[in-house]
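Reviewing the structure listed below.
The values are calculated or read from the model by the stated rules, or taken from the named source; none is laboratory data. Fair warning: this is a prediction, and the values are worked out from it, not measured in the lab. Because the Cβ atoms are built from the backbone with ideal geometry, glycine has one as well, and the counts that use them run over all protein chains shown. Just so you know, the surface numbers come from the protein's heavy atoms only, side chains and all, with ligands and any DNA or RNA stripped out. Shrake-Rupley method; radii C 1.70, N 1.55, O 1.52, S 1.80 Å.
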Amino acid sequence: MQTDKITGEIATGIHQQAGNKSWLLVTEHSSYALGVTEEGLLLQLYWGARLPSFNDLPSVQLPAERSSQDVTLTLAREEYPALGGLRYGEFAAQAVFADGTRDIDLRFEGAEIGERQGLPELRLRLRDAVYPLDVILSYRVDSKNDLIIRSASFHNKGDEAILLERAFSAVWHLPAQFTPRHLTTLAGHWGGETRIQRQPVVAGTVQIESRKGVTGSNAYPWFAIDTQATEQLSEVYFGTIAWSGSWNLRVSTRITGETAIAGGIHDHDFAWTLAGQQSFETPDFVAGFAQDGINGSRHRLHRYIREHVLPQPQASQPRPVLYNSWEATFFDVTEEGQSKLAERAAELGVELFVVDDGWFPARNHDHAGLGDWRIDPQKFPNGLQPLVNRVNELGMQFGIWVEPEMVNPDSDLYRAHPDWIYHFPNRPRSEARNQLVLNVGRQDVQEYLITVLDKLIGDHNVSFIKWDMNRPISEPGWPEYVAAGNNGREVWVRHVEGVYTIMDTLRARHPNLSIESCSSGGSRADLGILERTDQVWSSDNTHPDARLFIQEGISHILPGRVMGDWVTDTPSDRVWNEIPLSYRFHVAMMGMLGIGGHLMHWSKEDLAEAKRWIAVYKQIRPIVQDGEQSWLISPTATEGNWAAVESLTTDASEAVVFAFRRTNPFWEVAPRLRLQGLQPTARYSVQSLGQTDNETQEYSGAALMNQGIALPLGRSSYASCILHLRLINR
Ligand code: GLA
């Protein structure tokens, strides 16, 4: 066992106790311990702040039965409780064996320590006491980011099928405590995603979920549970499920204060037939522990996503400033119109020009065309290439919108293959936005989509696709599959696997391709999709007032380089009031900057100002996209009137601060803003960017963090600023 020579402290990584029956997973600031009881049951022993050694861990024992109503197996903190016996708490797995037995009895079988995807991995094999079912629990340890990444795989070692009815990724246990805890989750709807919800953790169960076949915007597969000391100091347990289909996350607390969090692929209408000698693997459930508050949990997840989730090499390159034509032209897409927009965009410094919906045949409205991924000869009589060439000549990359999982009934694809969508033979095929969902679980559908998308990308030098998904799955039937004796309830999982396969194949064939995940805005923002996409469209709502809420929420999951934000027009039919261009830019510059306004309608002054802000963005982009983002003033907590966000380089040598005040009815002066994470004794230069009067000031890190900094916001409504801090090397 590796220990520090001076302190005797156990090193980070995975440690196995003599006897190979208990393990300590050690990260820089946390420890997670588990062990096997003499009955062969696997229990969690500890999760929290880092422990110096194995010695202090409790013995691995089942708790005593408290009463015949409070039985041992329900009180035990089992790592992967499977439904069976006297278990009434949260459980991770449920199955039916070939003889009808609906009871699993998993016992420890063996452990292996290795490495997977660049992280050390502990694999614990559990085996049913009687039936040929093995479950392997995987624990990968990201020491630097204080994260444990868990998943489970099911292996049918026999010949008869086993029906899995629940296959969650993990159950996590939090110790009981007297100080109250709070649960934070994200909720929303189309045009109003990722709004922060906070509630006290009390006895009972909170369930958040999606049953739509896509991650969804009504809830997000993310949680944080904190015990607050001050705003910056609190113990936080947090986690997220890496799955882009239906998911379920349950937080259950006993009257005695213990909390268990269970989650993974939703078991709603789910069943998986595990044929003899076959395996089933769950997605990852990533969770961590931090003592530096909700911003600390944010930093850890962001770093993990950048370092281990996002596709390379794109994740190491700056994300380009994009222009998207949707709000400017909607379905009225023409070669001439797009070329003119492209010329304006290039003058401003845009690097990626994206043609949104409307470029394929019959797509003059949302009633027709989805599925026929060919260039519309009416809108592009010379094909798409002249536009692509123009965009490339202007020095920009070319991007295009697609919605591969969908068809309109009014499309050639649907007329040719009405059986390619999810349906039940004797039920109507429910339309939403006039469209139906392709059964992407089918191999022929996957092959079709790979062929047409590959051709679109290859023929037109496409560097970027915006992959949309505008409706949930309904009537989840696959008649041929069921007729062939298969299990129809597998479709929810097969759909997601199909989407992943198509994206992975396209990326393998086009290594420079980037993909944006969009689902009517931010309805598919999860770590599963982030393994194969480079950015996420946060919301169709680009109103800066709404965006501050949405961006605060989504930033719990998405790092700056992934969070797609646009500057759009005001007033418009979506934003009724006039909002200064600088304010709109500042809000959009907090993530991956895009422009979505109609540039042909912008005044000379606006274009000149936009050019300046884009130049400023490029200057601060490395910090905004890859720095540690801390929300210093929460719009949620200030009812949207205030927001302040700091992004800091890892070595604390440079920071960018965005600050916003929406209205000022009482003519008040802004309070000083206390920054975070700076080197206390170092001196920093502070400059307000994009201002004519941008005199540089100098302060110590300690003064900036404790005394705070005056915000140059003036007294007006819609006031905002960007401050740039640089460590002064003397
Ligand atoms: C969805 C997206 C929008 C846009 C439209 C096009 O609503 O969220 O950004 O692409 O589809 O139809």
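Restricting attention to region 411-470, the residues that are in contact with a Leu (Cβ under 9 Å, 6 or more places away or on another chain), away from the ligand (no atom under 16 Å from the Cβ) and polar (S, T, N, Q) total 2. Flag: Gln117 matches the condition of being loosely packed, with under 15 Cβ neighbours inside 10 Å and among the polar types (S, T, N, Q). Name the residue that is farthest from Leu530 (Cα to Cα), counting only residues in region 222-246 that are free of Cβ contacts under 8 Å to residues at least 60 places away in the same chain, in a strand (DSSP E or B) and of a type in the set (A, V, I, L, M, F, W, C). If we take residues in region 222-246 being free of Cβ contacts under 8 Å to residues at least 60 places away in the same chain, in a strand (DSSP E or B) and of a type in the set (A, V, I, L, M, F, W, C), then Ile225 is farthest from Leu530 (Cα to Cα).
If you go through region 300-325 and keep only what is open to solvent by less than 30 Å² (accessible area, probe 1.4 Å), outside any loop (DSSP other than H, G, I, E, B) and away from the ligand (no atom under 16 Å from the Cβ), you end up with Arg300, Leu301, His302, Tyr304, Ile305, Val309, Gln314, Ala315.
Starting from residues that are in contact (Cβ under 8 Å) with a residue 24 or more places away in the chain and over 36 Å from the mean Cα position of the chain (by Cα), keep the ones in region 45-75 and report whichever is nearest to Leu24 (Cα to Cα). Among them, the one singled out is Gln61.
For region 440-476, a residue qualifies if it is more than 22 Å from Asp534 (Cα to Cα) and touching a helix residue (DSSP H, G or I) at 6+ places or on another chain (Cβ under 6 Å), and the qualifying residues are Gly441, Val445, Pro476. Scanning region 483-493 turns up no residue that is within 14 Å of the ligand (Cβ to nearest atom), over 27 Å from Leu581 (Cα atoms), surrounded by 22 or more Cβ atoms within 10 Å (Cβ to Cβ) and among the hydrophobic types (A, V, I, L, M, F, W, C). At least 3 residues being hydrophobic (A, V, I, L, M, F, W, C) is the threshold, and among the strands (runs of 3 or more DSSP E) wholly inside region 513-575 those reaching it are 563-567. Residue pairs whose Cβ atoms lie under 9 Å apart, separated by 6 or more positions or on different chains, with the first residue in region 355-377 and free of Cβ contacts under 8 Å to residues at least 12 places away in the same chain and the second away from the ligand (no atom under 14 Å from the Cβ) and part of a loop (DSSP other than H, G, I, E, B), do not occur. Within the option set Ala362, Ala328, being at positive phi, within 15 Å of the ligand (Cβ to nearest atom) and either outside any loop (DSSP other than H, G, I, E, B) or open to solvent by 40 Å² or more (accessible area, probe 1.4 Å) (or both) holds for one residue only, Ala362.
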